Amino acid sequence: MTQGPLTTEAGAPVADNQNSETAGVGGPVLVQDQLLLEKLAHFNRERIPERVVHARGAGAYGTFTVTADVTPYTRAAFLSEVGKQTEVFLRFSTVAGNLGAADAVRDPRGFAVKFYTEEGNYDLVGNNTPVFFIRDAIKFPDFIHTQKRDPYTGSQEADNVWDFWSLSPESTHQVTWLFGDRGIPASYRHMDGFGSHTFQWNNEAGEVFWVKYHFKTDQGIKNLTAEEAEILAGKDPDSHQRDLREAIERGEFPSWTVGVQIMPAADAATYRFNPFDLTKVWPHADYPVIEIGKLELNRNPRNIFAEVEQSIFSPAHFVPGIGPSPDKMLQGRLFAYGDAHRYRVGINADHLPVNRPHAAEARTNSRDGYLYDGRHGGEKNYEPNSFGGPQQTGRALWQPFDVSGGTGNHPTPVHAEDNDFVQAGNLYRLMTEAEKERLVANLAGFIAKVTRQDIVERAIGNFRNADADFGKRLEAAVQELRG
Ligand code: HEM
């Protein structure tokens, strides 16, 4: 801010910012004290709606650097050359908590990356887990209702959480992951990130590949035990946010090694798991992770509200060479985020400094609306026009994919080895004895809070279906806690 006197919003100098204007000494306050009215009115409007999920988060700017030639797979310009750098903004978050909630909790972490590419912004709105609780967007509002506050008690209720999970056996894999050691990361720096969904890459020749993104932390994985987290959440609710900011201030720039699993399009139909089912991973033995880049965070935002609270990420923000897959969750998300942004930040959200393209120009004919800044000046606002306005390219960002059969509320197709439990069981069997003990204790502690025995039994049944030993141990642990 420049030097000079304090002013009103309209720029007039302020004489007294301590005493409001009254009718006589000790008299009532006057409407003509416009500074007082302006301050109170502005203050009332400081908050915008918090994100309906992932409300609590922290962000930082940085750089993505390409380290391998991926031009055989995608024609995305920002990935076109080894050594090429692209500015990024990354927002980390927890999911269920409200804006003021503690960071050190058992919850997935959001890992949302905005690449400011020369072909427009590419957003990869992922999590720190490779899978998710459900596989169809139509279940998302119900699922989140069970994670958030109960309409009657105003608190998260174990009954609701386990009722939904036990009735949604496809959640068993993600729940096994979440109650394992990685369920409470020590900080945002010490966890991996995943695009989670399968996305389409297409190359210059129009060939299609299905890809999954991995961001492997270079800081190493560090987690908190349930006991450590309970203490930290009480002592320092902002632990993750503070850790990220202070590390960057110290010049200790956190980084992630970026990799992709690549599946040629022709494999998808016969792969042993439905490759578009978000509750499943592609085992690395089937499709190895190929290193393609480095992501580094090296600059803190200067204003949390402007750059973090008002930042918007959309899975629908693609660039040429990258597109969606038929994953039903992803398809639902293509609608949900833009809609949330228009409600939460407004119709011109895309034009705020953190959100607008930094290496490209947005050339649309959309105009006006709340807080339009007049950036288009007197340019024509329609297309086609004869005045040299922007024109369509004739080339879609992504290639079409084949569909078959009639419309209908079809369940996600099942491939040869698909069921709701196989990968949860595999994950359990990969764990060491000590990891299994902590997993069972974490789950049992929560399930024991459920008031209805039928829900408890159904919940344990899902883990038994994943692995008989898992179910047996869990049943014993829950019984011991419930007496
Ligand atoms: C169909 C399922 C889903 C729906 C409908 C949905 C919807 C939403 C909505 C409405 C927001 C708030 C956006 C805003 O106000 O700016 C949000 C935030 C977020 N979601 Fe989802 N979500 C879904 C699944 C997922 C999945 C599977 C992931 C990760 C793989 C994910 C990751 C995130 C992240 C990281 C944020 C925070 C973005 C930010 O930092 O601004 N969501 N989601």
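Would you work out if segment 168-290 is rounded, prolate or oblate? Take a ≥ b ≥ c from the square roots of the eigenvalues of the alpha-carbon gyration tensor; rounded if a/c is under 1.5, else prolate when a/b is larger than b/c, oblate otherwise.
Oblate shape, in that a/c is at least 1.5 and b/c is the bigger or equal ratio.
Rounded, prolate or oblate: pick one for segment 92-243, where a ≥ b ≥ c are the square roots of the eigenvalues of its C-alpha gyration tensor, a/c under 1.5 means rounded, and failing that, prolate if a/b is larger than b/c, else oblate.
Because a/c hits 1.5 or more and a/b fails to exceed b/c, segment 92-243 counts as oblate.
To make sure I understand, if each residue's beta carbon is the centre and we count other beta carbons within 10 Å, what order do Asp103, Asp243, Asp159 fall in, fewest to most?
So the ranking, lowest neighbour count to highest, is Asp159, Asp243, Asp103.
What is the Cα centroid distance between segment 32-52 and segment 170-196, reported in whole angstrom?
After rounding, the separation between the Cα centres reads 39 Å.
When you count, for each residue, the other Cβ atoms within 10 Å and take the mean per peptide, how do 344-353, 381-390 rank with the highest first?
Highest to lowest by the protection proxy: 344-353, 381-390.
Take the alpha carbon atoms of segment 429-473, find their center, do the same for segment 290-311, and report the distance between the two centers in whole angstrom.
37 Å
Can you show me the helix-derived [θ] at 222 nm for the chain, built from DSSP H runs with n ≥ 4 at -39,500 (n - 2.57) apiece and divided by the number of residues, rounded to the nearest 500.
-8000 deg cm²/dmol
Per 5 Å bin from zero, what fraction in whole % of the C-alpha pairs of segment 23-162 is there, up to the bin with the longest pair?
Histogram of Cα-Cα distances, whole percents per bin: 2, 8, 11, 14, 12, 10, 10, 9, 8, 6, 4, 3, 1, 1, 0, 0.
Quote the relative contact order of segment 327-471 in percent (integer), defining contacts as alpha-carbon pairs under 8 Å separated by 6+ residues.
Dividing the mean separation by the residue count of segment 327-471 yields 14 percent.
Leaving out same-chain residues fewer than 8 places away, which lysines sit with a Cα under 30 Å from that of Lys235?
Of all the lysines, those that pass the test against Lys235 - Cα under 30 Å, at least 8 places apart if same chain - are Lys148, Lys216, Lys222, Lys436, Lys449.
For the chain, just say rounded, prolate or oblate: build the C-alpha gyration tensor, square-root its eigenvalues into a ≥ b ≥ c, call rounded for a/c under 1.5, and beyond that prolate if a/b exceeds b/c, oblate if not.
Oblate, since a/c reaches 1.5 and b/c is not below a/b.
Find the centroid of the Cα atoms in segment 353-388 and in segment 313-332, then give the distance between the two in whole Å.
Taking the Cα centre of segment 313-332 as reference, the centre of segment 353-388 is 24 Å away.
In segment 369-466, which GluC sites (Glu not before Pro) fall in coil by DSSP and have 14 or fewer other Cβ atoms within 10 Å?
Glu379, Glu417
Among residues other than Ser20 whose Cβ falls under 10 Å from its Cβ, what is the net charge (Lys/Arg +1, Asp/Glu -1)?
That works out to -2.
We did not get these values from a lab; they are worked out from the coordinates using the rules stated. Everything numeric here is computed off the predicted structure, so don't read it as measured data. Reconstructed Cβ throughout: ideal geometry from the backbone, glycine too, with neighbour counts over all protein chains shown.
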